[in-house]
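Step one of this worksheet: look at the structure below.
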Amino acid sequence: MKNLRVILLSLIIPAAVIIFWSIATARGIAPEAILPSIRSVLKVFKENLASGQLELDLGISLMRVVKGYFAAVLLGVILGTTMGMSKNMNYIFSLTLNAIRQIPMMAWIPLIILWFGIDELSKIVVIILGAFFPIMVNTFSGIRGTPPGYIEIARLYKLSRWNTFRKVYLPSAIPQIFVGLKLGLGISWMAVVAAELIASTEGIGFRISDARSLMKPDVVIMGMIVIGVVGILMDKILTFVSRKATPWIGSKR
Amino acid sequence: MRKNNFKVLAFLVLALLIAGCGYNSTAETSVKANGSISPGAKSTAGQDTASGKASEPSEKTVTLALAQESNELTGIWGLADKKKYLEEELNKVGYRLKVLGFAAAGPAVNEAFVSGKIDLAYYGNLPPVVLKAKGIDVSIVSIGDSRFNLSVIVPAASDIRTPKDLEGKKVIVGRGTILDEYWGNLVKAYGIDAGKVKLINDVANANSTLISGNADALLSVDLTAQLINKQYPVKVIESTAKNYPEFASQTVLAAAGKFAKEQPQVVVAVLKAYIRAYDYALEHKDEALQAFATKSIPVDVIEKVYSSEFNFANLDGGIEEADKARLNKLNEFLLEYKYIEKSADIDNLVDTSFFEKAKKELGK
Amino acid sequence: MAGQVLKIKDLYKSFKVGKDEIPVLQNISLEFRKGEFVTIVGHSGCGKSTLLKIIAGLVEYETGEVTYGEKRITAPGTDRGMVFQEHRLLPWLTIEENIGFGLFSLSKEKKKAAISKHVELVRLNGFEKAYPSQLSGGMAQRAAIARGLASNPEILLLDEPFGALDALTRIQMQKEILRIWKEEKTTMIMVTHDIDEAIFLGQKVVVMSARPGEIKEIIDVNTATVKDRGSTEFAHIKKRIYNHFFEDENMEIEYVI
């Protein structure tokens with residue numbers, strides 16, 4: 001059946017990686033300090049799971065993502081919509097936002113840590129800074145991309161500006177908004193890890209940085225795998241939500 | 001008002017540092033090293049001009065790493081550099097010295113060892129013991145300061161008076177550095193509830209983190225306290241110079257196993273320079289103290305830290321039984337707190353042969 | 001009751017393109033009586049569509065008079081419905097939601113009844129819960145017609161409604177629109193570039209030139225013999241209209257023996 005085929009195909013590369021990894025460690029190409037064996041990574045994984053450390057770290061990082069992401073969604077969708085619907089609003093905001101967007105996140109992080117400390121707030125600010133832009137830009141694009149033919153229909157039926165937004169612009173923009181939401185979620189996850197790598201006292205990014213200081217690459221790799229898996233899961237969940245929200249986009253094509 | 005101006009200056013500097021140097025900043029005497037650590041890169045090839053070409057085909061380079069941001073040698077090494085002993089001794093074996101600073105300290109130096117980017121390192125005792133326990137071939141060939149004093153630094157206005165007061169506070173302790181052991185020892189000695197303390201692993205920007213108020217205390221060395229105090233009032237609430245001298249650490253010269261095997265004469269040469277500088281310091285204490293100062297550490301700071309009764313004895317560079325015992329204690333600590341899985345063979349780690357040879361060649 | 005008359009008098013409309021003023025409609029004077037089916041034929045272009053949109057109230061005009069029952073047309077209204085060349089059904093609404101799109105002033109029951117009636121009218125029973133993407137071109141256009149008629153307008157404006165459909169579907173839809181017209185008795189004003197279609201569907205054919213749009217002729221095509229596509233009357237009228245567009249050529253009439 002088709003699903004099975006899809007799964008098997010996607011597992012080809014991970015399988016190859018594991019095979020090469022085993023060969024490399026069996027041959028002793030590099031000391032354990034550089035390339036840990038799969039067994040030690042699994043061992044560390046089990047330990048962290050059993051002690052509850054993994055859940056703790058993951059939970060903290062995820063909580064930060066949730067807070068930051070939702071703030072970014074709110075800001076991004078609202079700003080993207082206002083700028084899309086009103087030319088004046090667009091002129092007011094677009095120059096400044098574009099300028100901020102050019103600056104890479106890594107340059108912002110030390111400033112943000114200085115201004116907002118090394119606790120929760122700075123991580124959330126970093127997430128918002130990263131996730132806001134794709135959400136805002138895609139919302140804007142979705143609103144602007146509303147086919148003029150539909151807007152004319154709204155005029156024909158004398159819809160108020162608000163109703164035209166609610167019944168035509170918004171539904172038309174939803175698929176594009178979800179594109180932005182997905183991008184924003186991925187970036188949120190990356191942002192929180194990056195922020196934690198630099199200055200933090202807890203979280204999965206912190207766990208990796210900590211392990212690095214103590215020369216524990218097995219923990220580093222475990223952390224990276226966990227991050228990857230959680231990232232994929234979050235993306236899949238959002239995809240599911242987006243499909244439910246757009247029942248009119250069929251799979252007939 | 002001044003605090004605000006300083007904050008602005010501090011983060012501009014920070015931004016520049018981060019943007020320019022990255023997490024692992026390595027400063028060179030003449031040119032920036034290409035920051036990436038490439039596995040197995042040979043470090044004996046010369047690279048000292050802006051164009052990156054080898055200067056003189058006959059001269060090779062030995063790389064020495066320091067666990068600090070600047071690449072300026074200090075202490076007896078600084079004296080050896082200023083009196084040109086290093087240059088002389090290395091010239092005799094056809095080598096020149098390249099010094100690299102690692103702002104992220106011990107852990108970063110260890111990574112450089114593992115990837116073959118450096119030949120020698122002068123840093124704390126904890127990182128090389130960790131390396132040995134992980135099966136990496138390194139040797140401790142000399143102990144520069146066998147009583148390296150550590151302290152707990154807090155803002156002058158802080159209400160923290162003793163280490164016990166650190167409960168409920170944020171403390172900067174460099175992970176994987178000698179401060180890690182100091183913290184563990186303090187916790188035991190003062191009965192601190194470690195769970196109530198938030199540890200911050202911020203070595204590269206530790207000073208600004210403390211100054212900006214993002215941390216309440218910093219574990220470091222007395223010298224750091226004096227440095228920070230020039231811009232921001234701090235006080236030392238605990239120091240191995242006054243309490244628990246057995247908690248003092250050691251600074252060591254470590255050599256990559258391969259390099260030590262292949263170029264033992266270079267290791268001996270470096271140690272000869274050290275011994276000569278040490279002998280000079282004993283005879284000319286005042287001049288020595290002057291020479292200890294560098295761009296980053298001015299003379300008045302040196303004088304404040306190293307009082308006139310400064311005993312140079314712990315700087316002689318040799319490795320005694322007491323020093324080995326100290327290393328064994330460190331090894332137990334690392335095992336107990338699961339920094340390492342396997343014990344480090346201290347007898348195997350320590351190699352006094354180079355130091356003995358250096359002494360002999362100097363006719364001592 | 002005497003039907004309301006849609007009157008257009010001396011309508012002139014131009015658009016600003018850069019610095020220039022491009023006249024699009026000129027000297028347009030027309031009258032549409034209640035229940036009439038009038039087709040407007042001409043090259044595919046802005047003029048005819050613009051005229052329709054002015055009647056719909058979507059486009060403003062400065063010079064001339066467009067009145068419906070003595071009242072000046074200045075904005076859209078429920079008395080006029082419109083169907084476009086693209087069906088313009090909102091993709092996120094089901095067919096029945098689309099058909100009921102303009103019916104917010106009605107009560108729930110009335111709305112449901114109106115939708116139901118018009119689904120029946122265009123023979124889309126069974127497809128109420130479908131999405132527009134699931135319908136064929138012809139079916140979607142039928143739904144658009146249902147939407148246009150759902151609020152019971154007195155006039156239905158159709159802007160090249162079958163232009164996007166294939167030839168066979170187009171013929172089918174022409175029959176459909178005739179049937180609907182006979183049932184609902186709505187005034188139909190249809191713009192088309194298909195001469196055959198104009199003659200077949202309309203009671204009157206308004207021949208318009210383009211750039212600027214002007215009325216060249218109004219031809220009465222309301223006799224039975226004309227409606228037979230194979231008849232000579234049909235061919236004659238076709239030639240008459242054709243000649244307005246291609247004046248330097250003379251179309252030879254093919255004789256069918």
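The values are calculated or read from the model by the stated rules, or taken from the named source; none is laboratory data. Bear in mind that the values here come from a model prediction, so they are computed numbers and not experimental data. Neighbour counts are summed over all protein chains in view; Cβ atoms, including those assigned to glycine, are modelled from backbone coordinates with ideal geometry. Areas reflect the complete protein model, heavy atoms only, side chains present, ligands, DNA and RNA absent. Shrake-Rupley method; radii C 1.70, N 1.55, O 1.52, S 1.80 Å.
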Original post:
Rounded to the nearest 0.05, what FRET efficiency do A:Leu8 and C:Glu128 have when you use their Cβ-Cβ distance and R0 = 25 Å?
Top reply: 0.05
**OP:** Kindly give the semi-axes, whole Å and largest first, of the ellipsoid equivalent to segment A:118-175, taking each as the square root of 5 times a Cα gyration tensor eigenvalue.
**Re:** 35, 11, 6
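Mind checking the dipole of segment B:156-243: about its Cα centre, +1 per Lys or Arg Cβ, -1 per Asp or Glu Cβ, Debye to the nearest 20?
Details: 11 positive and 10 negative charges, 19 e Å.
It comes to approximately 80 debye.
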**OP:** Mind ranking C:193-200, B:329-336 by how tightly packed they are, going by the mean number of other C-beta atoms within 10 angstrom, highest first?
**Re:** C:193-200, B:329-336
Original post:
Anyone know which of C:Gln134, C:Gln174, C:Gln203 comes out most mobile in the 10 Å Cα GNM of chain C?
Top reply: C:Gln134
**OP:** Evaluate the distance, in nm, between pseudo-label points positioned 7 Å from the Cα of A:Gln53 and of A:Asn88 along their respective Cα→Cβ axes.
**Re:** 5.8 nm
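Can you give the direction-averaged projected area of the convex hull of the alpha-carbon atoms in chain C, in nm²?
About 16.0 nm², averaged over all directions.
So what is Rg over Rh here for segment C:91-152, counting just Cα atoms and using Kirkwood for Rh?
Details: Rg = 10.4 Å, Rh = 11.2 Å.
Rounded to two decimals, Rg over Rh is 0.93.
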**OP:** Enter the mean number of other protein chain beta carbons within 10 Å of the beta carbon of each residue in B:211-224, as an integer.
**Re:** 1
Original post:
Between B and A, buried accessible area summed over both sides at probe 1.4 Å, in Å² to the nearest 100?
Top reply: 2400 Å²
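Is there a pair in C:Lys7/C:Lys110; B:Lys258/B:Lys359; B:Lys117/B:Lys261; A:Lys123/B:Lys132; B:Lys134/B:Lys164 whose C-alpha atoms are over 26 Å apart, and which pairs would that be?
Flagged as over cut-off: C:Lys7/C:Lys110; A:Lys123/B:Lys132; B:Lys134/B:Lys164.
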Original post:
Based on the Cβ-Cβ distance from B:Lys198 to C:Asn243, what FRET efficiency comes out when R0 is 56 Å, to the nearest 0.05?
Top reply: 0.05
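Quick one: compute a quarter of the convex hull surface over the Cα atoms of segment C:76-205 and quote it in nm².
7.5 nm²
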Original post:
Rounded to the nearest 5, what is the percent of antiparallel bridges among the DSSP beta bridges in chain C?
Top reply: 55 percent
**OP:** Just tell me which lysines come within less than 20 Å, Cα to Cα, of C:Lys13; anything on the same chain fewer than 8 places away is out.
**Re:** C:Lys48, C:Lys53, C:Lys71, C:Lys216
Original post:
What Kirkwood hydrodynamic radius do you get for segment A:1-103 when you take the inverse of the mean 1/r over all pairs of distinct Cα atoms, in Å?
Top reply: 19.1 Å
Original post:
What total accessible surface area, summed over both chains, is buried at the interface between chains C and A, computed with a 1.4 Å probe and given in Å² to the nearest 100?
Top reply: 2000 Å²
**OP:** For every helix of n ≥ 4 consecutive DSSP H residues, a contribution of -39,500 (n - 2.57) applies; sum these over the protein assembly as shown, divide by its total residues, and give [θ] at 222 nm rounded to the nearest 500 deg cm²/dmol.
**Re:** -16000 deg cm²/dmol
Subject >> With 10 Å bins from 0: P(r) over chain A, alpha-carbon pairs, percent >> reply: 7, 23, 27, 23, 14, 5, 2, 0
Original post:
Can you pull the mean other chain C-beta count within 10 Å for peptide B:129-137?
Top reply: 3
Original post:
Peptides B:132-142, C:162-172: what's the order by average Cβ count within 10 Å, highest mean first?
Top reply: B:132-142, C:162-172
**OP:** Go ahead and run the numbers for FRET between C:Thr67 and A:Trp162, Cβ-Cβ distance against an R0 of 22 Å, rounding to 0.05.
**Re:** 0.10
Original post:
Given labels modelled 7 Å from the Cα in the Cβ direction, how far is it in nm from B:Glu283 to B:Glu356?
Top reply: 2.7 nm
Subject >> Residue mean of other protein chain beta carbons inside 10 Å, B:114-121 >> reply: 1
Original post:
Based on DSSP, what percent of beta bridges with both residues in segment B:64-223 are antiparallel, to the nearest 5?
Top reply: 20 percent
Original post:
For the cross-link pairs B:Lys60/B:Lys329; C:Lys19/C:Lys204; A:Lys167/C:Lys111; B:Lys198/B:Lys338; C:Lys185/C:Lys239, which exceed 28 Å when the distance is taken from alpha carbon to alpha carbon?
Top reply: B:Lys60/B:Lys329; C:Lys19/C:Lys204; C:Lys185/C:Lys239
Original post:
So, with +1 on the Cβ of K and R and -1 on the Cβ of D and E, and no other charges, what is the size of the charge dipole of chain A about its Cα centre, to the nearest 20 debye?
Top reply: 1380 debye
**OP:** Provide the per residue accessible area, probe 1.4 Å, for chain A, rounded to a whole number of square angstrom.
**Re:** 53 Å²
**OP:** At 7 Å along the Cα-to-beta-carbon direction for both C:Ala210 and A:Ala16, put a label point, then send me their distance in nm to one decimal.
**Re:** 5.6 nm
Original post:
What span do the alpha-carbon atoms of the protein assembly as shown cover on each of the three principal axes, reported in whole Å from largest to smallest?
Top reply: 132, 60, 55
**OP:** Just the number, please: carbon plus sulfur as a percent of the accessible area of the protein assembly as shown, 1.4 Å probe, no ligands or DNA/RNA counted.
**Re:** 58 percent
Subject >> Cα gyration tensor category, rounded, prolate or oblate, for segment B:191-338 with a/c compared to 1.5 >> reply: oblate
**OP:** Run through every distinct alpha carbon pair of segment B:77-129 and return the Kirkwood hydrodynamic radius in angstroms, one decimal place.
**Re:** 12.5 Å
